[in-house]
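Below: one structure, written as structure tokens.
The values are calculated or read from the model by the stated rules, or taken from the named source; none is laboratory data. Here the structure is a predicted model, which means the values were calculated and not measured. All Cβ positions, glycine included, derive from the backbone under ideal geometry; neighbour counts span all protein chains shown. When the accessible area is computed, the model is the full protein with side chains, heavy atoms only, and any ligands, DNA or RNA have been set aside. Shrake-Rupley method; radii C 1.70, N 1.55, O 1.52, S 1.80 Å.
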Amino acid sequence: TFLPVSVSGSLASTSSTNIYVGGIAGYLGSRCVITNNYNLGEVKGAKYVGGVAGSSTSKYANSTATIIKNNINYGKTQSETDFAAGILGNMPGKGSDDLNLENNFYLKGTATKSIAKEESIEAKAEVKSSKQLADGSVAATLNSAITNENGYKSWAVINGKTVFGSCDLSIAPSV
């Protein structure tokens with residue numbers, strides 16, 4: 001099924017004894033689109049834990065790849081196994097053939113890698129320091145990927161964090 005998840009922010013921590021735990025979504029099926037989201041909370045689970053999504057499935061024959069684009073994770077990711085990552089906890093299938101991964105960032109120290117199980121697409125998501133995430137350059141990069149057809153250029157730095165839209169981050173956990 002097709003599930004677009006766009007323009008959301010998570011301020012809460014997520015903890016589960018299950019697998020497929022994510023700061024924005026737990027499991028992304030074939031053809032899912034997850035864009036312009038940010039997570040500020042810690043994410044914990046048994047296996048396949050990601051700051052944006054826990055896992056993504058392989059695409060079905062003749063379908064489009066899952067899209068994970070323009071997202072930021074500030075929350076620490078923890079798993080009982082080695083499957084925890086700053087962006088995506090698990091990527092089964094053929095890696096980059098099954099996933100369109102672009103303009104994703106995570107805070108240094110929150111995870112050891114961007115994609116837990118797939119080395120071939122590791123470079124498509126970047127680790128950044130808190131200073132780099134607050135200097136406006138990441139917001140500019142994220143805004144440059146937004147066209148008139150797909151949304152407003154609303155990435156901004158608020159209270160030292162790059163977020164989509166304007167919201168009160170005073171209740172966010174310190175990261």
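At a glance:
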{"quantity": "Flag for Thr77 being surrounded by 19 or more Cβ atoms within 10 Å (Cβ to Cβ), at pLDDT 90 or above, of a type in the set (S, T, N, Q) and touching an Asp or Glu at 6+ places or on another chain (Cβ under 8 Å)", "calculated": "yes"}
{"quantity": "Contacts under 6 angstrom Cβ, first residue in segment 87-116 being at pLDDT 85 or above and open to solvent by 20 Å² or more (accessible area, probe 1.4 Å), partner not aromatic (Phe, Trp, Tyr) and not in a loop (DSSP other than H, G, I, E, B), 6 or more apart", "calculated": "Glu102/Lys69; Asn103/Lys69; Asn103/Asn70; Asn103/Leu142; Lys108/Val127; Ala111/Thr77; Ala111/Ala85; Lys113/Ala85"}
{"quantity": "Scan of segment 117-141 for residues that are modelled with pLDDT under 90 and either surrounded by fewer than 18 Cβ atoms within 10 Å (Cβ to Cβ) or among the aliphatic types (A, V, I, L, M) (or both), ordered by number", "calculated": "Lys117, Glu119, Ser120, Ile121, Glu122, Ala123, Ala125"}
{"quantity": "Residues of segment 64-74 that turn out to be surrounded by fewer than 24 Cβ atoms within 10 Å (Cβ to Cβ) and over 24 Å from Gly160 (Cβ atoms), as a count", "calculated": "3"}
